[in-house]
1. Considering only protein heavy atoms, with the full assembly of protein chains and a 1.4 angstrom probe, order Y28, Y63 by accessible area, largest first.
2. In the Gaussian network model of the chain, springs joining C-alpha atoms below 10 Å, which of V42, V97, V126 carries the largest mean-square fluctuation?
3. Place a +1 charge on the Cβ of each Lys and Arg in region 36-155 and a -1 charge on the Cβ of each Asp and Glu, then give the dipole magnitude about the Cα centre in debye, rounded to the nearest 20.
4. Note down the nm distance, to one decimal, between modelled labels 7 Å out along Cα→Cβ at T138 and at L22.
5. Strictly greater than 18 Å: what percent of every Cα pair in the chain meets that?
6. From largest accessible area down, sort R6, R143, R116; use a 1.4 Å probe on the protein chains.
7. So what does V101 come to for accessible area, using a 1.4 Å probe and Å² rounded to 10?
8. Can you tell me the dipole magnitude for region 101-149 around its Cα centre, using point charges on the Cβ only (Lys, Arg +1; Asp, Glu -1), in Debye to the nearest 20?
Amino acid sequence: ERFEARIKLPAGDGLWPAFWMLPTDNVYGGWPTSGEIDIMEVIGNQENMLHGTVHYVDAYNSYDFQGGTKAISAGKYSDDFHVYSVEWTPEKISWLVDDVVYDSVDIEADMKEFLREHYLILNVAVGGNWPGNPDESTVFPGRMSVDYVRVYKLQ
């Protein structure tokens with residue numbers, strides 16, 4: 001399947017917009033044992049860098065993650081709308097921005113959590129260890145404008 005959304009992100013230190021997925025049922029246990037798929041994350045102090053990641057527990061029962069980043073060629077991701085996507089098959093998860101693949105992960109035998117249903121989440125978090133806290137330059141409210149969210153069955 002292909003999951004995509006056309007989004008204009010908020011800008012500002014401490015903001016953490018995301019388009020992501022969690023398991024419908026935590027069959028294998030709490031986070032991250034049942035898996036997480038981050039379709040898009042852009043953190044406020046690095047607004048020119050897009051992150052796509054899967055989080056899971058590996059064959060050694062240790063937390064692991066895989067994925068990649070994509071720097072925008074000019075400006076910031078918050079400057080305009082972009083289409084953020086994943087194509088997810090039983091064999092592979094690929095990340096795309098504006099229909100261009102920028103990374104992919106093979107689903108290995110020990111990654112069984114990615115063979116189960118997940119649901120979509122769109123949110124803007126504020127603060128935390130990764131983006132840090134907002135500062136006086138951060139404008140509130142931080143708005144994530146969503147033009148559409150679509151799910152396609154791949155042929």
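The values are calculated or read from the model by the stated rules, or taken from the named source; none is laboratory data. Everything numeric in this text was worked out from a predicted model, so none of it was measured. Virtual Cβ from ideal backbone geometry, glycine too; neighbours counted across all protein chains shown. Protein only, heavy atoms only, side chains kept; ligands, DNA and RNA dropped before computing areas. Shrake-Rupley method; radii C 1.70, N 1.55, O 1.52, S 1.80 Å.
1. Of Y28, Y63, the descending order of accessible area is Y63, Y28.
2. Comparing V42, V97, V126 in a Gaussian network model of the chain, the most mobile one is V126.
3. Taking the Cα centre of region 36-155 as origin, the dipole is about 280 debye.
4. That separation, rounded to one decimal, is 2.1 nm.
5. Value for the chain: 57 percent of Cα pairs lie more than 18 Å apart.
6. Putting R6, R143, R116 in descending order of accessible area: R143, R116, R6.
7. 80 Å²
8. Value, rounded to 20: 240 debye.
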